[in-house]
Structure formats: C-alpha cells, structure tokens
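Heads up: the structure comes next, in structure tokens.
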Amino acid sequence: MKNLSSKSSYIVLGVMSGTSLDGLDLAVVKLNVNNHKWSYDLLYGESLEYSTSWKNKLKNAFSVDNQSLALLDAEFGEFIGISIQNLIDKKNLAPDFIASHGHTIFHQPNNGITVQIGNATSIYEQTNLPVINNFRALDVSLGGQGAPLVPIGDKLLFHEYRYCLNLGGIANISFEEDSKRRAFDICPFNMCLNYLSMQLGFAFDEGGKLALSGELDTDLFSQLNNISYCKSLPPKSLGYEEFLELWKPVLDDSNASTINKLNTVVEHCAYQIAQSISAKGDSILATGGGAYNKYFISRLKALTDNEVIVPSDEVIEFKEAIVFALLGALKFRNEPNCLASVTGARKNNSGGDLHGFKVD
C-alpha cells in the first residue's frame, strides 16, 4: 500500500452483517473525493444468506462464555475472509482494502461496552488484504453511543435527501438540523417482525402481506408506544438486548393473535418513525430490508406528509455496506467518521482499527 491517504479515489470492499440476520452484505465500492466532496460507484454487490447454523450461532452468541465468543470471533472472521476471497476470485476485483463492520453481539454503550465479532486477523489471513474494523469502540470510549454510524455516509453520499431512514433489524433515522447531523435508533423493526413471522412458520413477512391481513390491537399498540425507550430523548441507540428486555415481553404477554401482533407492530413502527420527523413535505429515503415491506411503507406514507422514496434494489440492499466502505476510507485518511452530534460523544472521532497496512 503506497500513498493511499493522498489518493482521490479508493476501491474498498465494505462488509456488513445486520441485526436482522438476513446475511452478509459485501459491496465493492469505488469512492471518489474532490475537495472533501465524496461520491461513489457500486462496482459489485452480493448478499450471502446465512445458513441456519450461522443464524443460530450469531443469534445466541450474546449468551456464550468468553472463550467460546473468542473462538466464534475467529471462526466468523474466517467465514468473512473466505466469502470475500471467493467474490474477488469470481469477479476478478482488486480492492485497496476491506472495511468490515462485523456482527454486533453486545451493544451497551451506557456500560462502556460494544462488541462486534469477525476477527480482522482471520479476514487478513484469508484475503491478504488490509482490514479496518471495530468502528464503534472509540466513540463509546469517548462517552458516545457508538451508533448509529451510517449518518456520516448519509451526510457525505446521500445529502440530497432530507431524511435517511434505515429499516433493518432496528429502524434508525438521520437528518440535518441546525447545521448538524442528527441521528438515532427509533425502535426495533425486523427484530420484532421476524420474531412474530417465525411463529407463523415464515422467516419474514414478505411485502408485509401477513401484517396486512391482521388488525390493530389498540391495547398492544398503546403498550408498545409507552416503552421507556420510545419516550427517551436522543442521543440513543438500541441493541438486541433492548429488544429482549423491552419489546419481546410486551409482545409475549399480549393476548392478541400473532397476525394482529404483526399488524400492530407495523403501526407502532410507522407511528414512532412519524413522530421522529419534524419537517413536513421533505423527502425520506427508505433503505434496508424493511423498504420491501409494502404494507409498512403505505402506513408510513399515511402517517406523514413527506415523500417516501424507495430507491433501487442495490441502494436498498447495499447502502450500509457502501457506507462502511466510506467509513474505512475516512479512517485511513484520519478524517472523522463518527459524529458527536449523532452519538453524544465528547468530540468527533475517526473510529476503527487498522490491520495489515504497509504504508511507505
């Protein structure tokens, strides 16, 4: 690697594994910078669905002992590295480096803890490419939430939209206010919907068809909206722990049918997101797997006066991986990739650990 920090373009392979456990997203991105203005071209994107074994390993990792977690960290890193090398060989691609988010196991910023597995050394051993990972830890050490991280990408790559809404395992939003970027996690999204869909024998609610066939349960709707997190002010962020502690018990204790629970969760999410949008009439970019939930999108449109834009499939599916490629490039240039106005940290920071770089 020579003089990467002075380049005006980078080819970065961004890696994202989301809390909804849909799969591993790999995006090979050409990032261009001119006078601190960034643009991107997605050269290739691929999403690898997790096997049942990997879904179970990742889902249950928060409850294993430290030794088992360390082994899983290395195993998942090897899996990521092999997946990347297969893609590189298949498409004859030559990234400058890899920027890997990994998979979040613990996220408890108020306790100073955030853990993403996917060992960078294991990735490097499989690919012989430099790796940047562990993007959240520095911000947490500075008193921040370490999340959301995508808003810097919204600011630099998707600034034409007033609001950027990500609908993954967790719904979060990003926007400019008073010349600063603001963002926060709103509520669990696919975490709740997939949990209920699986009770009906489906991995997820395709297009929101199951939820559409249900009816609103007003008691459950009220209980969900009264969850303490929904009433707290930003900066704030969510992890799987909060779903288990706050949302899951409310869903489990409800006497509503599962199909009505699905309908009610969609309404809860649409309502909470609508409450987070102050500027009426402006555009909302909706990405993440939830953007394919047509019923949810219809409810969000009904509850807001904004234009809800569902973009191309490649933006829906790979936006987060694209942004992590950007986070890697910013880290390599030692430029801020995490905003204090978003996370509540003491200052903007450039998060991430570098592995395998040899810079002359």
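Which whole-number percent gives the relative contact order of segment 151-314, counting Cα pairs below 8 Å spaced six or more residues apart?
Reported relative contact order: 28 percent.
Any lysines with Cα under 16 Å of the Lys7 Cα? List them, leaving off those in the same chain fewer than 8 positions away.
Lys30, Lys37, Lys331, Lys358
As I understand it, the value is the acute angle between the Cα axis of helix 190-199 and the longest principal axis of the Cα atoms of the chain; what does it come to in degrees, rounded to 10?
60 degrees
Specify the residue with the greatest mean-square fluctuation among Val115, Val342, Val131, computed from a Gaussian network of the chain linking alpha-carbon atoms under 10 Å apart.
In this elastic network of the chain, the residue with the biggest mean-square fluctuation among Val115, Val342, Val131 is Val115.
Given a cut-off of under 8 Å on Cα pairs at least six residues apart, what relative contact order in percent is computed for the chain?
Computed value for the chain: 23 percent relative contact order.
Charges only on Cβ, +1 for Lys and Arg, -1 for Asp and Glu: so what's the dipole of segment 151-314 about the Cα centre, in debye to the nearest 20?
220 debye
State to the nearest 20 debye the size of the charge dipole of the chain about its Cα centre, where the only charges are +1 on K and R beta carbons and -1 on D and E beta carbons.
880 debye
When the chain is fully extended, how far beyond the present Cα-Cα distance does Ile113 get from Glu160, taking 0.36 nm per residue of separation?
Here the answer is 13.5 nm.
Determine ³J(HN,Hα), in whole Hz, for all residues of segment 239-247 in sequence, where each value follows from phi through the Karplus function 6.51 cos²θ - 1.76 cosθ + 1.60 and θ = phi - 60°; x replaces Gly and Pro.
Calculated HN-Hα couplings, in order: x, 4, 4, 5, 4, 5, 7, 10, 8 Hz.
Out of all DSSP beta bridges in the chain, what portion is antiparallel? Express it as a percent rounded to 5.
For the chain, the DSSP antiparallel bridge percentage is about 75.
Lys30 to Leu303: extension gain in nm, 0.36 nm per residue of separation minus the Cα-Cα distance?
Numbers: separation 273, 0.36 × 273 = 98.28 nm, distance 3.73 nm.
Stretched fully, the Lys30-Leu303 segment lengthens by 94.6 nm.
What's the angle, to the nearest 10 degrees (0 to 90), between helix 294-303's Cα axis and the longest principal axis of the chain?
70 degrees
Just to be sure I understand: with springs between alpha-carbon atoms less than 10 Å apart, which residue in Thr52, Thr218, Thr114 has the highest mean-square fluctuation in the Gaussian network model of the chain?
Its mean-square fluctuation being the largest, the pick is Thr52.
Using only alpha carbon pairs under 8 Å that are at least six residues apart, calculate the relative contact order of segment 217-360 and give it in whole percent.
After rounding, I find 18 percent.
When we measure straight from the Cα of Lys209, which aspartates and glutamates land under 16 angstrom away, once same-chain ones fewer than 8 places off are left out?
Glu267
Using each residue's phi in segment 257-272, evaluate 6.51 cos²θ - 1.76 cosθ + 1.60 at θ = phi - 60° and report the 3J(HN,Hα) Karplus result to the nearest Hz, with x for Gly and Pro.
Using θ = phi - 60°, the values come out as 5, 4, 5, 6, 4, 4, 4, 6, 5, 4, 5, 4, 5, 4, 5, 5 Hz.
To test your reading of the geometry: what angle, between 0 and 90 degrees and rounded to tens, separates the Cα axis of helix 66-91 from the longest principal axis of the chain?
Between the helix axis and the principal axis of the chain, the angle is about 70 degrees.
Counting only residues 5 or more places away or on other chains, whose amide H sits under 5 Å from the amide H of Gly169 once H atoms are built in the peptide plane?
So Gly169 has HN proximity to Thr19, Ser20, Asn190.
Explain nothing, just the number: dipole magnitude of segment 1-151 about its Cα centre with +1 on each Lys and Arg Cβ and -1 on each Asp and Glu Cβ, in debye rounded to the nearest 20.
It comes to approximately 380 debye.
List every residue whose amide H lies under 5 Å from the amide H of Ile105, counting only residues 5 or more places away in sequence or on a different chain, with H placed 1.01 Å from N in the peptide plane.
Sorted by chain and number, the residues that satisfy this are Val115, Gln116, Ile117.
So what is the orientation-averaged projected area of the chain, using the convex hull of its C-alpha atoms, in nm²?
That works out to 17.2 nm², a quarter of the Cα hull's surface.
I'm checking a number: the convex hull volume of the Cα atoms of segment 151-314, normalised per residue, in Å³. What is it?
Enclosed volume per residue, from the Cα hull, is 110 Å³.
Say the dipole of segment 257-346 comes from +1 at the beta carbon of Lys and Arg and -1 at that of Asp and Glu; which of Ala340, Val265, Gly288 then lies farthest toward its positive end?
Ala340
Taken together, the values in this text are just the output of simple stated rules run on the coordinates, not laboratory data. These numbers come from a predicted model, not from an experiment. Note that each Cβ is placed from the backbone with ideal geometry, even for glycine, and that neighbours are counted across all protein chains shown.
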